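No value in this document is a laboratory result; all are computed from the given coordinates. These numbers were taken from a predicted model, which means no experiment stands behind them. With ideal geometry, Cβ positions are generated from the backbone for all residues, glycine too; neighbour counts draw on all protein chains shown.
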Ligand code: AMP
Ligand code: MG
C-alpha cells in the first residue's frame with residue numbers, strides 16, 4: 001500500500017516553507033532569454049534547432065529520369081510483346097546519368113538508359129533490363145510496357161515553394177539531404193549554449209591532485225561539464241573556486257562575457273561558508289529556495305548581469321539529480337528545444353521506495369524487464385554523497401509529494417536518464 005502524508009514538518013523544515021519542483025523549474029525557465037540565431041554550414045547544424053522556415057526554390061526531381069537501368073521506349077511499340085513472341089527493336093544509343101546530349105527516341109527504336117539518366121525525348125517508359133534480352137545493338141522485350149513506368153517525374157518529391165523544413169525543427173540527417181538537394185547550404189539555427197560550470201568549496205582539490213586530510217576531489221565540476229555536454233551545451237569550467245567572496249565575485253566577473261548560463265555547485269545552503277546566494281545577489285539577483293524534493297532541497301535561481309544562474313547543492317547526488325530536474329531543461333530551452341523534459345516510463349517498484357513527507361523523492365533505480373513490465377530496483381543505499389548510486393542508475397523513480405512510501409509491486413513513474 002502507498003502510504004500518504006498528513007499535516008506537519010519534514011526533516012526539520014516546515015512544509016509551508018517548501019517550493020514545489022514545478023514552481024522552481026518555472027522560475028528558472030522564465031529567466032531563460034531567447035537565444036540569438038547564428039548562420040552555419042548545413043552539416044555543422046545537425047541536431048540544432050532551425051530559426052527559419054525554408055521553402056524550396058526548385059522542384060525535385062528537376063527533370064524526367066529513369067528509375068531503373070533498362071531501355072527507354074515508346075510504350076505503344078510493345079503492346080504485343082510476350083514471353084513466347086518477344087518484340088525485337090534496334091538500340092540507337094545509350095544515356096547515362098549526367099549526360100546532356102540526348103538521342104531522340106522515335107517509334108520502333110529504343111535507347112539503353114541508366115538509373116538517374118534523363119529520359120530522352122520521344123520515350124515514354126523505361127523497361128528494366130531484367131525483363132529483356134539485354135542486347136546492345138538489338139533487344140528483345142518479353143512484356144508490354146505502360147506509359148510512365150519507371151519514369152520519375154519532375155516535382156514528385158518537392159515542388160517549388162513547398163516548405164521543406166520549419167522553424168523550431170531540429171535538423172536531422174534526412175533534412176540535411178533535402179536541403180542539400182534543394183541547393184540550401186547554410187542555415188540559421190540556435191547555437192549550442194555556452195554553460196559555465198563553477199564548483200566552489202575550500203575542501204576541493206582537482207581530480208588529478210591527491211587530497212590531504214579533509215580534502216576531496218572535485219567530482220561535481222567534471223560531472224556537471226559532462227552533463228552539460230550530454231544535454232547539448234558547450235561546457236566551460238571556472239576551475240575550483242574557494243569559499244571566499246572575492247574569489248567567487250572574480251569567477252563570475254571573468255566568465256559572464258562568454259556564458260549563456262552559469263551552473264554552480266556548493267555553498268548554496270545555510271552553512272557559515274555558504275556565500276553563493278549573497279555573491280550572486282550582489283552581482284544581479286538571487287533567490288534561495290527550499291525545494292520540496294529529496295535529494296536536492298537547497299537551490300538557487302538568479303542571474304549575474306543578464307546571465308541566468310542555477311545554483312545546485314554540493315552533495316554529488318543532489319547536484320546530479322537537481323541538474324536533471326532543473327538545469328537540463330534550462331539548457332534545452334536555450335537551444336530552442338520544445339522537448340525540455342526527459343521521457344518517463346511506468347514501472348513497478350521492485351523494492352519499497354520511500355521519501356520524506358511533503359517532498360518528491362527521486363530514487364536512483366535500475367530498470368529490468370519482467371513479463372512485459374519494467375521493474376524499478378533501487379541501485380543501493382541512497383545517501384546523497386554516494387556517487388556509485390547514480391553511476392548504476394537507468395532512471396530516477398519518483399515518489400510523489402503526497403506519499404512517503406511506494407510498496408513492492410505498486411506503480412511508479414521513472415524519469416529516464418537516457419533519451
Ligand atoms: P555544500 O553544498 O557546499 O554545503 O556541500 C555539501 C557537500 O557536498 C559537502 O560534503 C561537500 O564536500 C560536497 N561537495 C561540494 N562540492 C563538491 C564538489 N565539487 N565535488 C564533490 N563534492 C562536493
Ligand atoms: Mg561547501
Quick check: the angle from helix 220-230's long axis to the longest principal axis of the chain, C-alpha only, nearest 10 degrees? 20
Between the helical axis of 21-30 and the dominant principal axis of the chain, each derived from Cα atoms, what acute angle in degrees is found, rounded to the nearest 10? 60
Label-to-label distance, nm, for residues given as residue 62 and residue 206 (7 Å Cα→Cβ offset): 5.5
Multiply the residue separation of residue 344 and residue 136 by 0.36 nm, subtract the distance between their alpha-carbon atoms, and state the gained length in nm to one decimal. 68.7 nm
Label-zone membership for region 97-136, site residue 91, 7 angstrom Cα→C-beta point, backbone N under 12 Å: 110-114, 129-130, 132-136
By per-residue mean of other Cβ atoms within 10 Å, what is the highest-first order of 277-290, 334-347? 277-290, 334-347
With a cut-off of 8 Å between alpha carbons and a minimum separation of six or more residues, what is the relative contact order of region 344-416 in percent? 47
Select from 90, 356, 193 the residue whose mean-square fluctuation is largest in a Gaussian network model of the chain (Cα-Cα springs shorter than 10 Å). 90
What percentages, rounded to whole numbers, describe P(r) for region 65-152 computed over all alpha carbon pairs with 10 Å bin width beginning at zero? 21, 60, 18, 1
Largest-first semi-axes in Å of the equivalent ellipsoid built from the Cα gyration tensor of region 344-416 are 17, 16, 10
What is the calculated FRET efficiency for residue 3 to residue 370, with r their C-beta to C-beta distance and R₀ = 35 Å, to the nearest 0.05? 0.90
Taking r as the C-beta separation of residue 162 and residue 285 and R0 as 51 Å, the FRET efficiency to the nearest 0.05 is 0.65
Return, ordered by residue number, the residues of region 195-230 whose backbone nitrogen is under 20 Å from a label point located 7 Å along Cα→Cβ of residue 253. 196-201
